[in-house]
1. Between ALA40 and PHE146, what is the label-to-label distance in nm when each label sits 7 Å out along the Cα-to-Cβ direction?
2. The range 1-104: which GluC sites (Glu not before Pro) are DSSP loop and have at most 16 other beta-carbon atoms within 10 angstrom?
3. How much area per residue is accessible in the chain when the probe is 1.4 Å and only protein heavy atoms are counted (Å²)?
4. Using a 1.4 Å probe on the protein heavy atoms, what percent of the accessible area of the chain belongs to carbon and sulfur?
5. Which semi-axis lengths, in whole Å and largest first, follow from the square roots of five times the eigenvalues of the Cα gyration tensor of the chain?
6. For the range 86-102 and the range 23-63, write down the distance between their C-alpha centroids in whole Å.
Amino acid sequence: MVPICQNSHFKGFAAGQSHRRKELWSLLGDLPWQHRSSPAKLVKTEEHDGYKLEHLVLDLNGQEPVPALLLIPDKRQTPAPGLLYIHWHAGMYELGKEQLLKGLRCSPPTPQCVPRKAWLTLAIDSWCFGERQHNADGHTGEVDAFKLMLWQGQVLFGI
(Lines give C-alpha, C1' and ligand atoms only; values in the text may rest on other atoms or scores of the structure.)
Protein backbone atom coordinates (compact mmCIF):
# COMPACT_ATOMS: atom_id res chain seq x y z
CA MET A 1 0.00 0.00 0.00
CA VAL A 2 1.37 3.44 -0.97
CA PRO A 3 1.28 6.05 1.82
CA ILE A 4 -1.19 8.82 1.00
CA CYS A 5 1.52 11.51 0.93
CA GLN A 6 3.37 9.56 -1.80
CA ASN A 7 0.27 8.91 -3.89
CA SER A 8 0.42 10.81 -7.21
CA HIS A 9 -3.20 11.93 -6.88
CA PHE A 10 -2.45 13.50 -3.51
CA LYS A 11 0.64 15.28 -4.86
CA GLY A 12 -1.46 16.77 -7.66
CA PHE A 13 -4.05 17.88 -5.17
CA ALA A 14 -1.45 19.45 -2.88
CA ALA A 15 0.21 21.26 -5.80
CA GLY A 16 -3.06 22.94 -6.80
CA GLN A 17 -4.19 23.66 -3.26
CA SER A 18 -2.76 27.20 -3.16
CA HIS A 19 -4.53 28.10 -6.41
CA ARG A 20 -7.83 26.64 -5.19
CA ARG A 21 -7.53 28.47 -1.87
CA LYS A 22 -7.04 31.82 -3.67
CA GLU A 23 -10.03 31.08 -5.89
CA LEU A 24 -12.23 30.24 -2.90
CA TRP A 25 -11.22 33.45 -1.08
CA SER A 26 -12.05 35.45 -4.22
CA LEU A 27 -15.57 34.00 -4.27
CA LEU A 28 -16.25 35.53 -0.84
CA GLY A 29 -16.23 39.04 -2.31
CA ASP A 30 -14.70 42.10 -0.66
CA LEU A 31 -14.01 40.98 2.88
CA PRO A 32 -13.81 43.31 5.88
CA TRP A 33 -10.04 42.76 6.29
CA GLN A 34 -9.58 46.10 8.05
CA HIS A 35 -12.02 45.13 10.82
CA ARG A 36 -10.49 43.85 14.05
CA SER A 37 -12.99 41.67 15.86
CA SER A 38 -13.57 42.16 19.55
CA PRO A 39 -13.66 39.11 21.84
CA ALA A 40 -16.84 37.03 21.91
CA LYS A 41 -19.40 38.07 24.51
CA LEU A 42 -20.72 35.24 26.67
CA VAL A 43 -24.47 35.71 27.15
CA LYS A 44 -25.15 32.55 29.15
CA THR A 45 -23.94 29.02 29.77
CA GLU A 46 -26.09 25.91 30.10
CA GLU A 47 -24.90 22.61 31.53
CA HIS A 48 -26.24 19.49 29.79
CA ASP A 49 -25.57 15.78 30.00
CA GLY A 50 -22.20 15.32 28.28
CA TYR A 51 -21.68 18.91 27.15
CA LYS A 52 -21.84 22.57 27.99
CA LEU A 53 -23.66 25.03 25.72
CA GLU A 54 -22.49 28.63 25.52
CA HIS A 55 -24.67 31.35 24.01
CA LEU A 56 -22.36 33.93 22.47
CA VAL A 57 -22.45 37.16 20.49
CA LEU A 58 -19.60 37.48 17.98
CA ASP A 59 -18.18 40.51 16.21
CA LEU A 60 -17.21 39.05 12.83
CA ASN A 61 -17.44 42.05 10.56
CA GLY A 62 -18.16 45.24 12.48
CA GLN A 63 -21.54 45.57 10.78
CA GLU A 64 -23.86 43.42 12.85
CA PRO A 65 -23.53 41.32 16.03
CA VAL A 66 -23.65 37.60 15.26
CA PRO A 67 -25.54 35.33 17.70
CA ALA A 68 -23.83 31.98 18.10
CA LEU A 69 -23.97 28.70 19.99
CA LEU A 70 -20.83 26.87 21.10
CA LEU A 71 -21.24 23.22 22.10
CA ILE A 72 -18.36 22.08 24.32
CA PRO A 73 -18.17 18.33 25.07
CA ASP A 74 -17.26 17.38 28.63
CA LYS A 75 -14.84 14.70 27.42
CA ARG A 76 -12.47 16.20 24.88
CA GLN A 77 -8.80 16.44 24.14
CA THR A 78 -6.91 19.74 24.41
CA PRO A 79 -6.73 21.26 21.93
CA ALA A 80 -9.96 19.78 20.61
CA PRO A 81 -11.00 19.47 16.98
CA GLY A 82 -13.69 21.91 15.90
CA LEU A 83 -16.68 21.87 13.62
CA LEU A 84 -18.35 24.91 12.08
CA TYR A 85 -22.02 23.99 11.83
CA ILE A 86 -23.80 25.76 8.96
CA HIS A 87 -27.57 25.56 9.22
CA TRP A 88 -29.57 24.80 6.11
CA HIS A 89 -31.70 27.26 4.19
CA ALA A 90 -34.96 25.62 3.07
CA GLY A 91 -36.79 28.94 3.51
CA MET A 92 -36.80 28.41 7.28
CA TYR A 93 -35.58 31.90 8.17
CA GLU A 94 -36.61 31.68 11.80
CA LEU A 95 -34.50 28.55 12.47
CA GLY A 96 -30.86 29.54 11.99
CA LYS A 97 -28.31 28.29 14.52
CA GLU A 98 -31.05 26.59 16.55
CA GLN A 99 -31.01 23.77 14.00
CA LEU A 100 -27.91 22.62 15.88
CA LEU A 101 -30.09 21.86 18.90
CA LYS A 102 -33.48 21.05 17.41
CA GLY A 103 -32.45 19.02 14.40
CA LEU A 104 -34.85 18.26 11.58
CA ARG A 105 -36.65 15.22 10.31
CA CYS A 106 -33.69 14.51 8.01
CA SER A 107 -30.92 15.17 10.56
CA PRO A 108 -30.69 14.53 14.30
CA PRO A 109 -30.01 17.31 16.78
CA THR A 110 -26.24 17.70 17.01
CA PRO A 111 -26.01 17.27 20.82
CA GLN A 112 -27.10 13.67 20.29
CA CYS A 113 -24.01 12.81 18.26
CA VAL A 114 -21.22 15.42 18.38
CA PRO A 115 -20.30 15.22 22.10
CA ARG A 116 -19.46 11.55 21.63
CA LYS A 117 -17.00 12.61 18.93
CA ALA A 118 -15.51 15.21 21.35
CA TRP A 119 -15.70 18.03 18.77
CA LEU A 120 -16.24 21.63 19.73
CA THR A 121 -19.13 22.84 17.56
CA LEU A 122 -19.85 26.46 16.66
CA ALA A 123 -23.12 27.47 15.00
CA ILE A 124 -24.00 31.03 14.01
CA ASP A 125 -27.11 32.65 12.61
CA SER A 126 -26.29 33.40 8.98
CA TRP A 127 -27.37 36.76 7.56
CA CYS A 128 -31.20 36.97 7.48
CA PHE A 129 -31.75 33.86 9.66
CA GLY A 130 -32.64 33.31 13.30
CA GLU A 131 -31.88 36.39 15.38
CA ARG A 132 -30.45 38.06 12.26
CA GLN A 133 -33.80 37.93 10.44
CA HIS A 134 -34.70 41.62 10.37
CA ASN A 135 -37.60 41.41 7.95
CA ALA A 136 -40.82 39.57 8.84
CA ASP A 137 -40.79 38.13 5.33
CA GLY A 138 -37.47 36.31 5.49
CA HIS A 139 -37.29 35.81 1.72
CA THR A 140 -37.67 39.53 0.99
CA GLY A 141 -35.12 40.40 3.67
CA GLU A 142 -32.61 37.94 2.24
CA VAL A 143 -33.10 39.12 -1.34
CA ASP A 144 -32.70 42.76 -0.29
CA ALA A 145 -29.55 42.04 1.75
CA PHE A 146 -28.12 39.86 -1.03
CA LYS A 147 -28.63 42.54 -3.70
CA LEU A 148 -27.21 45.31 -1.52
CA MET A 149 -24.09 43.28 -0.78
CA LEU A 150 -23.60 42.40 -4.45
CA TRP A 151 -23.76 46.10 -5.36
CA GLN A 152 -21.03 46.66 -2.75
CA GLY A 153 -18.86 43.81 -4.09
CA GLN A 154 -19.73 41.51 -1.20
CA VAL A 155 -21.60 38.26 -0.65
CA LEU A 156 -23.65 37.12 2.35
CA PHE A 157 -21.32 34.30 3.37
CA GLY A 158 -18.18 36.42 2.98
CA ILE A 159 -19.47 39.18 5.24
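The values are calculated or read from the model by the stated rules, or taken from the named source; none is laboratory data. On a predicted model such as this, the values are computed, not experimentally measured, just so you know. Glycine gets a Cβ as well: all are built from the backbone with ideal geometry, and neighbour counts include every protein chain shown. Ligands, DNA and RNA are stripped out before the accessible areas are found, and what is left, the full protein with its side chains, is counted by its heavy atoms. Shrake-Rupley method; radii C 1.70, N 1.55, O 1.52, S 1.80 Å.
1. In this crude spin-label approximation the distance works out to 2.9 nm.
2. Working: sites: GLU23, GLU46, GLU47, GLU54, GLU94, GLU98; in loops: GLU94.
For GluC sites (Glu not before Pro) across the range 1-104 that sit outside H, G, I, E and B with at most 16 neighbouring Cβ atoms in 10 Å, the list reads GLU94.
3. Details: 10610 Å² over 159 residues.
Spelled out: the 1.4 Å probe surface of the chain, per residue, equals 67 Å².
4. Details: 6290 of 10610 Å².
The computed percentage sits at 59.
5. Working: eigenvalues 156, 134, 53 Å².
For the chain, the ellipsoid semi-axes come out as 28, 26, 16 Å.
6. Here the two parts' Cα centres lie 17 Å apart.
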